[in-house]
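Below is one structure, written out as structure tokens; the observations come after it.
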Amino acid sequence: MTQSRGALRSRSELEAIVARVLDEARSQGASAAEAAVSTDSGLSVTVRLGEVETLEYHKDQGVGITVYFGQRKGSASTSDLSNASLREAVAAASRIARHTAEDPFAGLADAALMATHYPDLDLDHPWDVSAEEAIEIARACEDAARGQDERITNSEGGTVNTFRGTSVYGNTHGFVGGYSATRHSLSCSVIGEQNGAMQRDYWYSVARDRAGLESPEDVGREAALRTIHRLGSKRLSTRQSPVVFAADVARSLLGHFVGAVRGGALYRKASFLLDHLDKPVFPEFVHIHEQPHLKGALGSAPFDNEGVATRGRDLVTDGVLKSYVLDSYSARRLGMQSTGNAGGTRNLTIDPGQLDFPGLLREMGTGLLVTELIGHGVNNVTGDYSRGAAGFWVENGEIAYPVEEITVAGNLKDMFMGIREVGTDVDRRGNIRTGSILIERMTIAGE
């Protein structure tokens, strides 16, 4: 079996499509327009219990078009990139715009903010892996997990994914920009059993460059060890204690912070951090910033979804909120300027302290280590936080036993101000980069 994903359209071809769309929008009377076109392909393989469970190729393309007639806006999209289909998509967007109400905040991002030049961010590393090779990698990963311990009794499989995409954005300011990017991953999830009770856990590795992935054997062994360590889990009585959020779940805390300072939540007055600009929201040692130009990083991008140049910037300095997360529309609603965050933040980073993970547990002494969060009990308006959790009870700085079926609760304002330390064990497998986070005190609801 050979791979047949086919070649992607080139960046120059996509730029030509964007130019045709913008010309068509002008010819149909639009005062301004923007278009984003993308094409991507990939391969996904899952091996379960040694047998191929899924083998999927995909290849997609599409264009999104937005036109403006003064302050009236219309949008349309199509996956057919023929000239006739592009003309009809522009016509559909134009019909919508002509029938919508004027919005004084609608329009392209400011022309002065467009990216004019940007560095090569080293995002494109194609992995020419055949289906047969991917199957063997996934099988080696699962075999390593299943062979780690006799208590591993079942598997949800080892999975290999590879993706490559090219995208181009342009608007009638004259901006046209695009780039190609890859993303490859390897994961494994297994089930362990002891005394009739079962636990499941997983591990994964992800990188732009296949060379940056952990070995299949390391991923499989880590998945198995995490599962085995959860066997024999207990419940806790209800109490208050310090809590360490392990690095891979701690990123969700920063995700809630970003959600609270995002322009859409602020102009709707639906944020617990409304009117907190230039006020302390974290302890003085906390520094949170964006690094959109890190070479090869998963969140890097030279410009945002509106063509605005991205740049490194502080969101929190010395614990004080210094900036919001704004696209052009929300910025206008708030009387401010876009921060280059159409499409979200990029490589959001909280600077680590001096303690590694074992040091963080010793600093906590006795308390809860959270390694899994369940559910979505977070109120962005009030900051109230309540989520199901699993992890480990820690005594005298050492893991004592696994715990499950508990809830951790508090208020995000108090949780943010209650951060005592950020570990050096920074998890870089995503767009938010953080180490484990120690919070002074939370409520643990159990038996």
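Assorted remarks:
- Sole residue being touching a residue at least 12 places away in the same chain (Cβ under 8 Å) and more than 17 Å from Tyr169 (Cα to Cα), chosen from Ala76, Ala84, Ala109, Ala92: Ala92
- Index of the failed condition, Ala111 passing every other in (1) surrounded by fewer than 14 Cβ atoms within 10 Å (Cβ to Cβ); (2) under 30 Å from Leu334 (Cα atoms); (3) in contact with a Lys or Arg (Cβ under 8 Å, 6 or more places away or on another chain): (3)
- For the criterion of being free of Cβ contacts under 8 Å to residues at least 40 places away in the same chain, surrounded by fewer than 22 Cβ atoms within 10 Å (Cβ to Cβ) and under 21 Å from the mean Cα position of the chain (by Cα), Arg268 fails.
- Per this entry, Gly296 is counted among residues that are closer than 19 Å to Gly343 by Cα, in a loop (DSSP other than H, G, I, E, B), not assigned by TED's automatic domain parsing to the domain that holds Thr162 and not aliphatic (A, V, I, L, M).
- Test: residue in the range 182-191 that is closer than 30 Å to Leu14 by Cα, in the same structural domain as Ala36 (by TED's automatic domain parsing) and over 27 Å from the mean Cα position of the chain (by Cα): no
- Options Gly359, Gly344; residue that is over 21 Å from Met417 (Cβ atoms), under 19 Å from the mean Cα position of the chain (by Cα) and not in a strand (DSSP E or B): Gly344
- Odd one out for Gly170, checked against (1) out of contact with any Lys or Arg (no Cβ under 8 Å at 6 or more places or on another chain); (2) surrounded by 20 or more Cβ atoms within 10 Å (Cβ to Cβ); (3) more than 30 Å from Ser77 (Cβ to Cβ): (3)
- Verdict on Val378 being more than 23 Å from the chain's Cα centre (by Cα), of a type in the set (Val, Ile, Thr) and at pLDDT 95 or above: no
- Test result for Thr46, surrounded by 15 or more Cβ atoms within 10 Å (Cβ to Cβ), touching a helix residue (DSSP H, G or I) at 6+ places or on another chain (Cβ under 7 Å), free of Cβ contacts under 8 Å to residues at least 60 places away in the same chain and in the same structural domain as Gly178 (by TED's automatic domain parsing): no
- Single residue of Thr382, Thr366, Thr349 found to be buried (at least 16 other Cβ atoms within 10 Å of the Cβ), in contact (Cβ under 8 Å) with a residue 12 or more places away in the chain and of a type in the set (Ser, Thr, Tyr): Thr349
- Restricted to the range 432-447, and to residues there that are surrounded by fewer than 18 Cβ atoms within 10 Å (Cβ to Cβ) and assigned to a loop (DSSP other than H, G, I, E, B), the residue that is farthest from the chain's Cα centre (by Cα) is Glu447.
- Of the residues making up the range 84-105, just one is part of a helix (DSSP H, G or I), closer than 24 Å to Arg332 by Cβ and among the charged types (D, E, K, R), namely Arg98.
The values are calculated or read from the model by the stated rules, or taken from the named source; none is laboratory data. For clarity, every value in this text was computed on a predicted model and none was experimentally measured. Cβ: placed from backbone, ideal geometry, glycine included. Neighbour counts: every protein chain shown.
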